[in-house]
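The structure under discussion appears below in the form of structure tokens.
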Amino acid sequence: GAVVSQHPSWVICKSGTSVKIECRSLDFQATTMFWYRQFPKQSLMLMATSNEGSKATYEQGVEKDKFLINHASLTLSTLTVTSAHPEDSSFYICSARNSYEQYFGPGTRLTVT
Amino acid sequence: RKEVEQDPGPFNVPEGATVAFNCTYSNSASQSFFWYRQDCRKEPKLLMSVYSSGNEDGRFTAQLNRASQYISLLIRDSKLSDSATYLCVVSPGGATNKLIFGTGTLLAVQP
């Protein structure tokens with residue numbers, strides 16, 4: 001099946017710093033990528049939908065100035081958590097869609113101290 | 001009300017048991033329906049799509065009732081390896097094809 005990678009797989013950062021997470025579709029071109037966040041014992045919550053070459057569409061309650069999304073190519077989308085705080089600690093998962101299905105990346109575990 | 005609601009679980013069942021999960025969704029215009037499986041600290045993986053006519057994949061059977069906005073998953077002859085969180089997922093369709101996840105039901109199959 002299609003493969004989606006994320007980097008880094010885990011990151012620890014200090015409060016106030018910014019963290020960039022990359023999502024790549026390795027063997028297909030994805031016009032649309034999605035970013036999710038999952039807190040412990042909760043389900044995945046869609047943060048934003050990212051289309052190549054255009055601005056991301058954010059879900060209600062997600063701060064677009066805090067979670068910067070760039071979808072520069074058909075195989076790469078990045079999520080930057082700016083001025084991270086401990087409450088941003090979570091499991092961030094991206095997915096990429098081809099014509100048939102959404103494929104999920106392995107996730108990035110962010111811990112903000 | 002949450003868009004997708006599931007039995008909270010956890011379900012603790014012995015090997016070989018049959019277990020059923022239920023899910024309801026609030027948006028009657030939803031177009032696509034899925035069951036995903038998520039192992040601890042891993043990404044979700046598609047288990048099966050769900051169709052109105054019902055569909056089966058080995059030991060797994062999924063049913064959709066659009067009138068009741070209800071989705072089910074039946075696992076027969078459960079295995080230890082079936083232990084995971086099962087996520088009911090709904091898509092409103094349209095241009096974005098975004099997925100809306102339920103909170104998931106934890107299944108623990110005991111030896």
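The values are calculated or read from the model by the stated rules, or taken from the named source; none is laboratory data. Model, not experiment: these values are computed from the prediction. Methodologically, a virtual Cβ is constructed for each residue, glycine included, from the backbone with ideal geometry; neighbour enumeration extends over all protein chains shown.
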query = Among the residues of the stretch A:41-61, how many are out of contact with any strand residue (DSSP E or B) (no Cβ under 8 Å at 6 or more places or on another chain) and at pLDDT below 90?
reply = 3
task = Scan the stretch B:38-54 for residues that are in a strand (DSSP E or B) and surrounded by fewer than 20 Cβ atoms within 10 Å (Cβ to Cβ) and report the count.
result = 4
ask   = Does the stretch B:99-109 include one or more residues that are more than 13 Å from chain A (Cβ to nearest Cβ) and of a type in the set (G, A, S)?
value = yes
message = Against the conditions (1) touching a strand residue (DSSP E or B) at 6+ places or on another chain (Cβ under 7 Å); (2) within 30 Å of A:T31 (Cβ to Cβ); (3) within 11 Å of chain A (Cβ to nearest Cβ), where does B:Q6 fall short? Just the number, please.
response = (2)
key: Where a residue in the stretch B:71-91 is within 11 Å of B:Y25 (Cα to Cα) and its partner, wherever it lies, is outside any strand (DSSP E or B) and hydroxyl-bearing (S, T, Y), with Cβ under 7 Å and at least six apart   = B:V90/B:S30; B:S91/B:S30
ask   = Do you know which of the residues in the stretch B:55-92 that are among the small types (G, A, S) and surrounded by fewer than 13 Cβ atoms within 10 Å (Cβ to Cβ) is nearest to A:P40 (Cα to Cα)?
value = B:S81
task = Can you run down the residue pairs with Cβ atoms below 6 Å, 6 or more apart or on separate chains, where the first is in the stretch A:80-93 and without any contact (Cβ under 8 Å) to a residue 40 or more places away in the chain and the partner is among the aliphatic types (A, V, I, L, M)?
result = A:D88/A:V81; A:D88/A:V112; A:S89/A:L110; A:S89/A:V112
remark   = When the stretch A:6-44 is checked residue by residue, the ones that are of a type in the set (F, W, Y) and either touching a helix residue (DSSP H, G or I) at 6+ places or on another chain (Cβ under 9 Å) or more than 12 Å from chain B (Cβ to nearest Cβ) (or both) are A:F28
request  = Mind listing whichever residues of the stretch B:95-111 are free of Cβ contacts under 8 Å to residues at least 24 places away in the same chain and of a type in the set (G, A, S)?
outcome  = B:A95
message = Condition (residue is in contact (Cβ under 8 Å) with a residue 12 or more places away in the chain, assigned to a strand (DSSP E or B) and of a type in the set (G, A, S)) applied to the stretch B:2-19: is it met by at least one residue?
response = no
key: Every residue from the stretch A:91-113 that is over 14 Å from A:K14 (Cα atoms), more than 10 Å from chain B (Cβ to nearest Cβ) and touching a strand residue (DSSP E or B) at 6+ places or on another chain (Cβ under 7 Å)   = A:Y92, A:A96, A:T108
